[in-house]
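The values are calculated or read from the model by the stated rules, or taken from the named source; none is laboratory data. Because the structure is predicted, anything quoted here is derived from the model rather than measured. Cβ placement follows ideal geometry from the backbone for every residue including glycine, while neighbour counts extend to all protein chains displayed. Side chains included, ligands, DNA and RNA excluded: accessible areas come from the protein's heavy atoms. Shrake-Rupley method; radii C 1.70, N 1.55, O 1.52, S 1.80 Å.
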Amino acid sequence: MSQFKFSSGFLIFTLIFLLLLSPFTFTRALLENEDADDLEAIHELIALDEQEEADNLQPRTSLEINDFVKKSEAEVLSKAQRIVLELDSDNTKRAVEENEYVLVLGYAPWCGRSAELMPRFAEAANVLKGLGSPLLMAKLDAERYPKAASSLGIKGFPTLLLFVNGTSRPYFGGFSSEEIVVWARKKTGSPVIQIDSITEANEFLKKHAMYGVGLFENFEGPDHEEFVKAATAENEIQFVETRNSEVAEVLYPVTKPTTLFFGLVKGEPEQHTSLDGDLSADRILHFLENKKFPLVTIMTEANSAKVYASPKKLQVYVFAEADELKKLLEPLQEIARKFNSEIMFVAVDIGEVNLAKPFLTLFGLEDSKETNVIGFDYNGNSKYLLESDLTSRNIGEFCFGLLQGTLPPFYKSQPIPENLHDNATILTVVGKTFDDLVLNSLTNIFLEVHTPWCITCETTSKQVEKLAKHFKGLDSLVFARIDLSTNEHPKLLVEDYPTLLFYPAKDKSNPIKFPTKSGLKELAALINRHLKSQGYSKAKDEL
């Protein structure tokens, strides 16, 4: 007689039968505990039965395996998303007031950045739940529930806010799932992880690519207090501590750590750096600000905010196509190693238009597909462009000049017009010709400063053209215009457009600003008045 075997179909039928017999009991158990023991047992029976049936089938193909992996990942993400509480008009206030810690993600369904952040947020919620965190993770569709969003202070998308006993605090962490976890643990009472065994250390290494490690004889005293203070203040890096030197060697294997030791570990060429001497909180934080970024940071949408917020005032950016960046990365890292404490190095893929174009536009290179190296000194708000060949030596000299303050600042300029010396009614000035045509000219210059995007510039330009025709033939006066969206000069600092400036022949250092809202007669009268004040008796009749 063959042995009776339960099939998955039989078990499913039995489940339905039981549900019909006692719906109240079963439903209540399901609501009270999603992972109840009886359900686990049933799922195990089904899994065993299905596995036995699957063993009789042919092995899966690679496509089937990939589909299975994708399905598993989707199921994990789905489970993680269910951990995140969905807020609405009814439960928002209660959720915030009744929980000590609540991290809220305000989003809009149409927002691309929200869509990118939400799975990371869900993954972080899953990790935090596994760590036993007291933090409640919640999300709110701010477009669907605008009043609830307004009550929480959500104004843009996506927005992350931490509520501690009902009081809102801004989010200052990163936007990867790991960074969210690190920040959340720090702000909810766990700024430092204590590790006492090599096994714990190895498990920690599997989960963290970057961390700060401290070795202390005892977890007490002024030095340890400074360490914890720094751990609490630093928003992105997980701090770990131990009093076991063998554990410390696993966490920081380059040198043998001693007591009062602090080291930073990163997953890149400059993997291990340590801080010697005084371990005050301020000194640790300053050390991390200089060392936590990679030797060369590859800018992405996710880390762009951190790059912009870097405290380093000297920065060098390399813009290139993705394949070229891969070739340049290693030599750039070698150059960056020499200047890492003073200069921040950033690489940007030109194909990432939203990231690259704002920078390249500052240099008039927004349409360039070539590799470019630029520098910034935010101490003096100056910018620089490497205009020599892109060799390691030239890039290194460029960085040295930036550090020493010996580089000539870069000012954007259109090409010099080919018809520069033609007898035009209005002379076109560019950045490269501003000195010769305006500041060094022996005559009076009436300069119109405009931009293409200025709404009222067109009207003013027409007035200037009429003025230029009226004063044509007067040797003591030249009309000129410059487009300040594509040209710059250190002595032409204009904030409003359009701007009309009169440069007297005898004092080019003090241009006179003319009112742009005046009519033609008033402008012509002003020009005549200033010409006469300069000693030029020949002026045009009034309009």
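Summary table below
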item: DSSP-loop chymotrypsin sites (Phe, Trp or Tyr not before Pro) across the range 352-407, with at most 16 other Cβ within 10 angstrom; result: TYR378
item: Extension reserve of the LEU493-GLN271 stretch, reckoned as 0.36 nm per residue once the Cα distance is removed; result: 75.4 nm
item: Whole-angstrom gap from the range 186-221 to the range 463-519, using each part's C-alpha centre; result: 65
item: Residue-level accessible surface for MET137, protein heavy atoms, 1.4 Å, Å²; result: 10
item: Residues of the range 348-497: accessible area per residue with a 1.4 Å probe, Å²; result: 56
item: Rounded percent of accessible protein surface that carbon and sulfur make up, the range 133-218, 1.4 Å probe; result: 50
item: Surface share of carbon and sulfur [accessible, 1.4 angstrom probe, percent] for the range 389-543; result: 51
item: Rounded if a/c under 1.5, otherwise prolate or oblate - the range 237-310, Cα gyration tensor axes; result: prolate
item: THR167 accessible area, 1.4 Å probe, all protein chains in place, Å² to nearest 10; result: 80
item: Amide H partners (placed H, <5 Å) of LYS508, local residues excluded; result: none
item: Using θ = phi - 60° and Karplus 6.51 cos²θ - 1.76 cosθ + 1.60, couplings along the range 291-298 (whole Hz; Gly, Pro as x); result: 10, 6, 6, x, 3, 10, 8, 7
item: Proximal charge balance of ASP496 [Cβ under 12 Å; K/R count +1, D/E count -1]; result: +1
item: Debye, to nearest 20: dipole size of the range 237-365, +1 on Lys, Arg Cβ, -1 on Asp, Glu Cβ; result: 240
item: FRET efficiency, THR167 to GLU203 (Cβ-Cβ, R0 45 Å, nearest 0.05); result: 0.80
item: Counted charge near PRO515, where neighbours are those whose Cβ lies closer than 14 Å (Asp, Glu -1; Lys, Arg +1); result: +1
item: Filtered trypsin sites (Lys or Arg not before Pro), the range 265-332: DSSP coil and at most 11 other beta carbons within 10 Å; result: none
item: Phi to ³J(HN,Hα) by Karplus 6.51 cos²θ - 1.76 cosθ + 1.60 over the range 159-175, Hz, x for Gly, Pro; result: 10, 10, 9, 9, 10, 10, 6, x, 9, 7, 10, x, 9, 10, x, x, 10
item: In order through the range 503-513: 3J(HN,Hα) via Karplus (6.51 cos²θ - 1.76 cosθ + 1.60), integer Hz, x for Gly, Pro; result: 9, x, 4, 8, 7, 6, 7, 10, x, 9, 8
item: Percent accessible area from carbon and sulfur atoms, the range 291-386, protein chains only, probe 1.4 Å; result: 49
item: Trypsin sites (Lys or Arg not before Pro) restricted to the range 120-170 and DSSP loop, no more than 13 other C-beta within 10 Å; result: ARG144, LYS155
item: Residues of the range 101-174: accessible area per residue with a 1.4 Å probe, Å²; result: 48
item: Heavy-atom accessible area per residue - the range 240-326, 1.4 Å, Å²; result: 44
